[in-house]
Amino acid sequence: MAKILVAASSEPRAIVERILAGHELCGAETMAQAERCLRQGTFDLVICTIVFDESRMFDLLRLAKSRAEWQQIPFVCARVRDHVLRSPTALQAAAFTCRTLGSDGFLDIADYRVDPEREMRDAIERFLHTTSGRDA
């Protein structure tokens, strides 16, 4: 079981919480809440949805990569609802910006066809397993 910070508004957070059932999750709907969570705990992963705190995903990513003690925490940006940011150009720009700012990945639920939530969980789990040996 991993400890994961889920930065998302209520509807997408419910989706992410369902996808990551079984892990210890700390939910944050605002930048202030997310920063407070980061300061109070040690996380194995941060997952942030596109529309977090009125589209402040990039702000949280910058914050998470600005402090040495948080830089090693994998940060995954995600789109968990198909109707959000539907333009392919906008999605490509978001994914590019995430990589440029230091995100470990950008996951889009629309990329998964058979069982989207299970497939997204598997992708998130790969981030946890890939980075678990960083401090070893």
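Any read-out appearing in this document is the output of simple, stated calculations on the displayed coordinates, not a laboratory observation. What you see is a predicted model; the values in this text were computed from it and never measured. Cβ placement follows ideal geometry from the backbone for every residue including glycine, while neighbour counts extend to all protein chains displayed.
For the condition under 21 Å from residue 21 (Cβ atoms), surrounded by 12 or more Cβ atoms within 10 Å (Cβ to Cβ) and among the β-branched types (Val, Ile, Thr), residue 49 qualifies. The residues listed here are 45, 91; of these, the one that is within 19 Å of residue 109 (Cβ to Cβ) and within 14 Å of the chain's Cα centre (by Cα) is 45.
Looking across region 19-37, the residues that are assigned to a helix (DSSP H, G or I) and either within 15 Å of residue 125 (Cβ to Cβ) or in contact with a Leu (Cβ under 7 Å, 6 or more places away or on another chain) (or both) come down to 19, 31, 34, 35, 37. Among the candidates 53, 59, 104, 82, the residue that is over 10 Å from the mean Cα position of the chain (by Cα) and closer than 16 Å to residue 120 by Cβ is uniquely 82. Restricting attention to region 3-14, which residues are among the aliphatic types (A, V, I, L, M) and surrounded by fewer than 18 Cβ atoms within 10 Å (Cβ to Cβ)? Matches in region 3-14: 14 only.
Listed by first and then second residue, the pairs linking a residue in region 5-24 that is closer than 22 Å to residue 58 by Cβ to a residue that is part of a loop (DSSP other than H, G, I, E, B) and among the aromatic types (Phe, Trp, Tyr), with Cβ atoms under 6 Å apart and 6 or more places separating them unless they lie on different chains, are 5/43; 7/52; 8/52.
Take the residues of region 64-91 that are among the polar types (S, T, N, Q) and over 25 Å from residue 17 (Cα atoms): which is surrounded by the fewest Cβ atoms within 10 Å (Cβ to Cβ)? Filtering region 64-91 for residues that are among the polar types (S, T, N, Q) and over 25 Å from residue 17 (Cα atoms), the one surrounded by the fewest Cβ atoms within 10 Å (Cβ to Cβ) comes out as 89. When 51, 76, 114 are checked against the criterion of being part of a loop (DSSP other than H, G, I, E, B), touching a residue at least 40 places away in the same chain (Cβ under 8 Å) and among the aliphatic types (A, V, I, L, M), a single residue qualifies: 51.
Residue by residue through region 15-24, note down the ones that are surrounded by fewer than 18 Cβ atoms within 10 Å (Cβ to Cβ) and on the phi < 0 side of the Ramachandran plot.
Within region 15-24, 17, 18, 21, 24 qualify.
One residue stands out in region 92-121 among those that are among the basic types (Lys, Arg) and surrounded by fewer than 17 Cβ atoms within 10 Å (Cβ to Cβ): the one that is farthest from residue 42 (Cα to Cα), namely 113.
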